[in-house]
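Engineer: Attaching a single structure in structure tokens format; questions to follow.
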Amino acid sequence: MSMRNRAVICAAMLVAASAAASAQAPQFGQPVTPADIAPWDISIGPDGAGLPAGRGSAKQGEAVYAAKCQACHGEKGAGRPNDALVGGAGTIVSDGPAVKTVGSYWPYATTLFDYIRRAMPWNETKSLSNDELYAVSAYILHLNGVIGADDVIDAQSLPKLKMPNRDGFIPFPR
């Protein structure tokens, strides 16, 4: 058999094999659409892009916290049985053990909102309204001395808040 005939036969076998392989591919599910992803695409970055409409104050958040957070995070965020949310100021840069709380460690207020939005309360995740999310975030920020009791936070003001440890992190450009 000539070299040309062998090349033609090999090419024909490759075409037949690829056609057979694609014909045998499993046909599971359906293509994912942007509408399918939208309910899960709720990440909020430091710049606040994607924050929803809504607003809340620390005074409003105190009631939400008492009803939905206090059992796990203690009175006024002191901790027990789960992590403390308040305290630890100055422990990150001291020689003693670091106490990592929202006020002592977290670099951005938007991180607090994002985490509460997607993970809290642990037994009913994603159950808080936008106003409740802003209010309980405001309450925790107030307990950490970041905002006043009467301050109102929303999508415009939250990203502008300067957390006590914001400069304790080295930005990682992506």
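The values are calculated or read from the model by the stated rules, or taken from the named source; none is laboratory data. Predicted model only: the values in this text are computed from it and were never measured. Don't worry about glycine lacking a Cβ; one is built from the backbone with ideal geometry, like all the others, and counts go over all protein chains shown.
Engineer: What residue, among those in region 34-60 that are small (G, A, S) and more than 13 Å from D154 (Cβ to Cβ), is surrounded by the fewest Cβ atoms within 10 Å (Cβ to Cβ)? First the steps, then the outcome.
Structural biologist: Restricting attention to region 34-60, the residues satisfying the condition of being small (G, A, S) are 35, 38, 43, 45, 48-50, 53-54, 56-58.
From the residues that got through so far, the ones that are more than 13 Å from D154 (Cβ to Cβ) too are 35, 38, 43, 45, 49-50, 58.
Details: A35: 7, A38: 9, S43: 11, G45: 13, A49: 11, G50: 13, A58: 24.
Residue satisfying both the conditions and the ranking: A35.
Engineer: Looking at region 26-49, which of the residues that are free of Cβ contacts under 8 Å to residues at least 40 places away in the same chain, assigned to a loop (DSSP other than H, G, I, E, B) and small (G, A, S) is nearest to L112 (Cα to Cα)?
Structural biologist: Applying the filter and picking the extreme gives A49.
Engineer: Within the set of pairs 6 or more residues apart or between chains, which connect a residue that is under 18 Å from M163 (Cβ atoms) inside region 127-144 to a residue that is in a helix (DSSP H, G or I) and among the β-branched types (V, I, T) with Cβ atoms less than 7 Å apart?
Structural biologist: L133/I116; V136/V64; V136/I116; S137/I116
Engineer: Follow-up question, since we're still on this one. Could you please find all residues in region 126-156 being surrounded by 19 or more Cβ atoms within 10 Å (Cβ to Cβ), not in a helix (DSSP H, G or I) and not aliphatic (A, V, I, L, M)?
Structural biologist: Scanning region 126-156 gives a single hit, N144.
Residue-wise test of (1) over 19 Å from Q60 (Cβ atoms); (2) touching a Phe, Trp or Tyr at 6+ places or on another chain (Cβ under 6 Å).
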site: R80; (1), (2): yes, no
site: G88; (1), (2): yes, no
site: V136; (1), (2): no, yes
site: L143; (1), (2): no, no
site: V146; (1), (2): no, no
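Engineer: Among what's in region 141-174 and is touching a helix residue (DSSP H, G or I) at 6+ places or on another chain (Cβ under 6 Å) and over 17 Å from G48 (Cα atoms), pick the residue that is modelled with the lowest pLDDT.
Structural biologist: A149
Engineer: Right, next: Would you mind telling me which numbered condition in (1) under 16 Å from E62 (Cβ atoms); (2) touching a helix residue (DSSP H, G or I) at 6+ places or on another chain (Cβ under 6 Å); (3) among the aromatic types (F, W, Y) F113 fails?
Structural biologist: Every listed condition holds for F113 apart from (1).
Engineer: Among the residues of region 87-104, what is the count of those that are of a type in the set (V, I, T) and crowded, with 21+ Cβ neighbours inside 10 Å?
Structural biologist: Going through region 87-104 one residue at a time, the tally reaches 2.
Engineer: Please name all residue pairs, on different chains or six or more residues apart, with Cβ atoms under 7 Å, provided the first residue is in region 62-75 and is outside any loop (DSSP other than H, G, I, E, B) and the second residue is β-branched (V, I, T).
Structural biologist: Pairs that qualify, where the first residue is outside any loop (DSSP other than H, G, I, E, B) and the partner is β-branched (V, I, T), are V64/V136; Y65/V136.
Engineer: Further question on the same structure: So which pairs qualify, if the first residue must be in region 149-166 and on the phi < 0 side of the Ramachandran plot, the second must be charged (D, E, K, R) and exposed (fewer than 13 other Cβ atoms within 10 Å of the Cβ), the Cβ gap must be under 6 Å, and the two must be at least 6 apart or on different chains?
Structural biologist: Pairs found: P159/D47.
Engineer: Being loosely packed, with under 12 Cβ neighbours inside 10 Å and either assigned to a loop (DSSP other than H, G, I, E, B) or touching a residue at least 12 places away in the same chain (Cβ under 8 Å) (or both) is the filter here; which residues of region 105-125 pass it?
Structural biologist: W122, N123, E124
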